[in-house]
1. Using alpha-carbon positions, what is the distance between the centroids of the range 337-357 and the range 18-57, in Å?
2. Compute the separation of the alpha-carbon centres of the range 95-117 and the range 361-377 and state it in Å as a whole number.
3. Compute the accessible area per residue over the range 73-198, keeping the other protein chains in place, probe 1.4 Å, unit Å².
4. Among 361-370, 13-22, how do they line up by average Cβ neighbours within 10 Å per residue, starting with the highest?
5. Keeping every protein chain in place, order 117, 175 by accessible area at 1.4 Å, biggest value first, i.e. largest first.
6. Give me the 1.4 Å probe accessible area per residue for the range 316-387, excluding ligands and nucleic acids, in Å².
7. If we sort 103-113, 65-75, 225-235 on the protection proxy, mean other Cβ atoms within 10 Å, highest first, what's the order?
8. For the range 45-178, what class follows from the C-alpha gyration tensor (a ≥ b ≥ c being the square roots of its eigenvalues): rounded when a/c is under 1.5, otherwise prolate if a/b is larger than b/c, else oblate?
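The values are calculated or read from the model by the stated rules, or taken from the named source; none is laboratory data. These numbers come from a predicted model, not from an experiment. Methodologically, a virtual Cβ is constructed for each residue, glycine included, from the backbone with ideal geometry; neighbour enumeration extends over all protein chains shown. Keep in mind that these areas ignore ligands, DNA and RNA; they rest on the heavy atoms of the full protein, side chains included. Shrake-Rupley method; radii C 1.70, N 1.55, O 1.52, S 1.80 Å.
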Amino acid sequence: MSELRSAVDGLRSDVLADLPDARIEEDFAELQRAAELIEVERLRRLAEIERRRVYERNGHLSAASWLASTFRVAWGAARQQVRLARALEEMPETRRALDEGQLSMSAVRVLVDARATDHAEFQRCEKELVEAARIHSMNDLQRVTAYWRQAVERELALEGDERLRERRRLHASVTFLGMVRVDGDLDPETGETLLTALRAVLDAESRSGPEGDGRTPAQRRADALGEICRQWLDLADRPNVAGEKPHMTVTVGADTLRDGAEGTSELDHVGPISPQAALRLGCDASITRVVMAGPSEPLDIGRRTPIVPPSMRRAVIIRDGCCRFPGCDRPHTWCDAHHVVHWAHGGPTALPNLLLLCRRHHRMVHERRGFRLELAEGRPVFKRPDGSVLGDRAPP
């Protein structure tokens, strides 16, 4: 390892501007090859760390957890690297071709993805697939493995439901920008359940006036999945987890709530969010006051108190019936109780200051340059971003 570091230090001392084009190109080719060989050795050691369960020495529950925590690797990347390391241990033909410089790591990743379709079938066909990786470009290799997977999946479909069910998987990981990436394969029954639930939400949305809906079909499906999860979390009979009902937790600084200033606003899993998102989520939630003596030093923790009591929520539902945004009729189960004047800005949690807004319109009202909502003689007035007034649909 000391020789490796010395070699890298020698390369770093080169003044690239002084090197001829041929030398730069030659150096790059050697470095590309060396980098892939080093990556193979890194993955080989990662597989051994997982086999020996070395990660348990520091209290980690998995090699991916150890990798993410120790080396600041994103969770999704850590899982992918452990999966790749584990797979290479059982792909001798692939390893041999990689060691001989006949395959790139990009090609290896394609082969590892193909292997996930069926390990036994991949083992039987590994030589042919490695040969295809040797001679084809990346695009062509992806096509070859796609056809191979289709053929294997057709055979699996003939072998019964249980074989298909064994292949079910679902990954959900936070990406660098705080988005959550979802990837997986569901067995036919679970997949049909998901598609039916998504279709029910999408159909209900289409009856609420699709005019002006600028979302793509993929965005509408993403929103529908979020609505399904929100409605499940809102159920009264949810099982307790760690002594309480499962819920989203937003940590918000007092200054952010009061002034809308940039500050501490974050969710447990995905991290920081905007002040506008924090205000929107806090509009209809339960609040726990935490007094801090300094960073990470809680002095006092108050009781969790619902901002909108259940009895008041029922009154708002009876009065409004559904989303009050003009032209929207999404049912109350899809809605939050929105404070026209936010409680953090001194607005009362009282019936005249509350109205139902579906999650989508609630977001639009809280956006920095979105729709505005005001009270005029006790009635809500919706205004477009340009200041023009939308006609309110009064409750029956």
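1. If we compute the Cα centre of each part, the gap is 58 Å.
2. 53 Å
3. Roughly 63 Å² per residue, with all protein chains present.
4. So the peptides 361-370, 13-22, ranked by packing, come out 361-370, 13-22.
5. Working: 117 10, 175 55 Å².
Descending accessible area places them as 175, 117.
6. For the range 316-387, the solvent-accessible area averages 47 Å² per residue.
7. On the way: 103-113: 18.7, 65-75: 16.3, 225-235: 13.5.
Going from most to least packed, we get 103-113, 65-75, 225-235.
8. Prolate, because a/c is 1.5 or more and a/b exceeds b/c.
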